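Colleague: Here it is, the structure in full.
The values are calculated or read from the model by the stated rules, or taken from the named source; none is laboratory data. What you are looking at is a predicted structure, and each value in this text was computed from that prediction instead of being measured. The accessibility values were calculated without ligands, DNA or RNA, using every heavy atom of the protein model including side chains. Shrake-Rupley method; radii C 1.70, N 1.55, O 1.52, S 1.80 Å.
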Amino acid sequence: MAKKQALPGPKNHCFGCGKQNKQSMRLKFTYDESTRQVASRFRLSRRYSGPPGYCHGGIIATILDEAMAKLNKPNRVTAVTAQMTVDYLKPVPLNKPLRTEAHETRTNGRRRFRTAVILNEEGVVLARGRGVFVTIDPHKMLGRSV
């Protein structure tokens, strides 16, 4: 009898977390069931520069979006970003320990309301994102790539 082999999972080319993307930020997230929150610890290299010594605003938005999107898996949904706002509260430094956290604040039909923050190692909120994610049927929207 032939031994069954597991099929490889879909390749992940995501800019924020994709292992198969050489340019990926390689963010890794954990989920805390008690707080229903995702979190990631990271440092940003000079590659992500905006103003001297600080992160580019587009990268800040990417991190916040990625954190909010990571709430899909524990909620067992596929939801895409429909709307997002970012409050840039303080400059986000390069080469310093940082973390991002996200949680879902409420749902309304297919809409999922989420918030995320980037904090420094003292716990000061440097940036805040608010997003509306819309639950989709991945087979209809994404077809063969699912």
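Colleague: How much of the accessible area of segment 18-146, probe 1.4 Å, is carbon plus sulfur, in whole percent?
Modeller: Carbon plus sulfur share of accessible area: 48 percent.
Colleague: May I ask you to evaluate 6.51 cos²θ - 1.76 cosθ + 1.60, the Karplus curve with θ = phi - 60°, for each residue of segment 110-124 and list the ³J(HN,Hα) values in order in whole Hz, giving x for glycine and proline?
Modeller: Per-residue couplings from phi come out as 7, 8, 10, 9, 9, 9, 9, 9, 10, 10, 7, 6, 7, x, 6 Hz.
Colleague: Let me ask another. Keeping all protein chains in place, calculate the accessible area per residue for segment 19-96 (probe 1.4 angstrom), answer in Å².
Modeller: Solvent-accessible surface per residue comes out at 65 Å².
Colleague: A follow-up question, please. For segment 79-85, in order, what is each residue's ³J(HN,Hα) by Karplus, 6.51 cos²θ - 1.76 cosθ + 1.60 with θ = phi - 60°, in whole Hz (x at glycine and Pro)?
Modeller: 9, 10, 5, 9, 7, 8, 10
Colleague: Under the Karplus relation 6.51 cos²θ - 1.76 cosθ + 1.60, θ = phi - 60°, what is the ordered set of whole-Hz ³J(HN,Hα) values for segment 59-73, x standing for Gly and Pro?
Modeller: Ordered by residue, 3J(HN,Hα) equals 5, 4, 4, 4, 4, 5, 5, 4, 4, 5, 5, 5, 6, 4, 4 Hz.
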